[in-house]
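A.B. asks: Please find one structure pasted underneath; my questions will follow.
The values are calculated or read from the model by the stated rules, or taken from the named source; none is laboratory data. Note that the coordinates shown come from a computational prediction; the quantities given were computed from them, not determined experimentally. All Cβ positions, glycine included, derive from the backbone under ideal geometry; neighbour counts span all protein chains shown. Surface areas here come from the heavy atoms of the whole protein model, side chains and all, with no ligands, DNA or RNA. Shrake-Rupley method; radii C 1.70, N 1.55, O 1.52, S 1.80 Å.
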Amino acid sequence: MIVDGNNLDQLAWQKMDDLLPAVVQDSISGRVLMQGYMNREALSHTMQSGHVTFFSRSKQRLWTKGESSGHVLELVSVTADCDQDSLLVLAKPHGPTCHLGTESCWLPPEIPAISELIELENTVKQRKAELANGDAGSSYTAELLASGIRRCAQKVGEEGVEVALAAVAQDDDALLNESADLLYHLTVVLQARDLQLSDVIDVLRARKK
């Protein structure tokens, strides 16, 4: 069941003293990020604010993820399971989710391939922040961002041509390497325009409708 403000009473609050376990999953990579508990107020606040909010059993109050660190979880959707007694929350993380500074509270044996793109994007974001603070050092990413949007866009165009040439030449190694370069420079140009890879995914999803 997709949960919204009109069907909260259908959830099985009585099973766990008005608390439901809520598992948070990255809406892009599918990686499980964390688990907490929500009462009615926390769930309502989550849907109204757009930021995932839990009921902290240790603090005995509502707790919005990232309220101190700024690493909020931007809400995408909430669904209940078949028994209406647990919640699956899809969200877009803004920074690491775990208090230990990692992407997830679980460390999987293998990271999904798309997580590599997310890690790349996070690195580019970090270089961008360092550039804004004047401590970017000699990073190529920071130098590219500092050169301006025209140069960033030019690099995307150059790498796109290289990908096309490698494909025509049927050189698989070159095609893979140039594709990696293209993905990197595309990530940079998106960040230069304050856009995210998830924004591109949203466009792709909309085209399927």
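A.B. asks: Leaving out ligands, DNA and RNA, and with a 1.4 Å probe, what % of the accessible surface on the stretch 1-159 is carbon or sulfur?
C.D. replies: Accessible surface attributable to carbon and sulfur in the stretch 1-159 totals 51 percent.
A.B. asks: Okay, next question. Tell me the mean residue ellipticity at 222 nm calculated for the chain from its helices only (DSSP H runs of n ≥ 4, each -39500 (n - 2.57), averaged over every residue, nearest 500).
C.D. replies: Per the formula, -14500 deg cm²/dmol.
A.B. asks: Can you bin every Cα-Cα distance in the chain into 10 Å intervals starting at zero and give me the percent of pairs per bin, rounded to whole numbers?
C.D. replies: 8, 27, 30, 20, 11, 4, 0
A.B. asks: Using alpha carbon centroids, what distance separates the stretch 172-209 and the stretch 9-53, in Å?
C.D. replies: Going from one Cα centre to the other spans 31 Å.
A.B. asks: How large is the charge dipole for the chain, taken about the Cα centre, if only the Cβ atoms of Lys, Arg (+1) and Asp, Glu (-1) carry charge, to the nearest 20 debye?
C.D. replies: Using only the charged Cβ atoms, the result is roughly 740 debye.
A.B. asks: Once amide H atoms are built 1.01 Å from N in the peptide plane, which residues 5 or more positions from THR64, or in another chain, come under 5 Å H to H?
C.D. replies: Answer set, sorted by chain and number: PHE54.
A.B. asks: I've got another one for you. Only Cα pairs within less than 10 Å get springs; with that Gaussian network setup on the chain, which residue of GLN35, GLN60, GLN84 has the largest fluctuation?
C.D. replies: GLN60
A.B. asks: So what is the relative contact order for the chain, in percent, with contacts set as C-alpha pairs under 8 Å and at least six apart?
C.D. replies: Over the chain, the number comes to 16 percent.
A.B. asks: Could I ask something else about it? Could you tally up the Lys pairs in the chain with alpha carbons closer than 19 Å? Skip any pair fewer than 8 positions apart unless they're on separate chains.
C.D. replies: Counting lysine pairs in the chain gives 4.
A.B. asks: Just the accessible area per residue of the chain, please: how many Å² with a 1.4 Å probe?
C.D. replies: That works out to 58 Å² for each residue.
A.B. asks: Using 10 Å bins from zero, what percent of all Cα-Cα pairs in the stretch 1-99 falls into each bin?
C.D. replies: In whole percents, the pair-distance histogram is 17, 54, 27, 2.
A.B. asks: Please sort by residue number the GluC sites (Glu not before Pro) in the stretch 8-101 whose DSSP state is loop and whose Cβ has at most 12 other Cβ atoms within 10 Å.
C.D. replies: Here the sparse-neighbourhood loop sites are GLU67.
A.B. asks: Are there any helices in the chain, counted as whole DSSP H runs, that stretch 27 Å or more along their axis by Cα and score at least -0.5 on average by Kyte-Doolittle, and if so which?
C.D. replies: Going by DSSP H runs, the hits are 113-133, 149-169, 172-192.
A.B. asks: Picking from LEU100, LEU131, LEU144, which is most flexible by a Gaussian network model of the chain using Cα springs under 10 Å?
C.D. replies: Among LEU100, LEU131, LEU144, the largest GNM mean-square fluctuation belongs to LEU100.
A.B. asks: Next up: Net charge within 15 Å of LEU75 by Cβ-Cβ distance, Lys/Arg positive one each and Asp/Glu negative one each, not counting LEU75 itself?
C.D. replies: Surrounding charge for LEU75 is -3.
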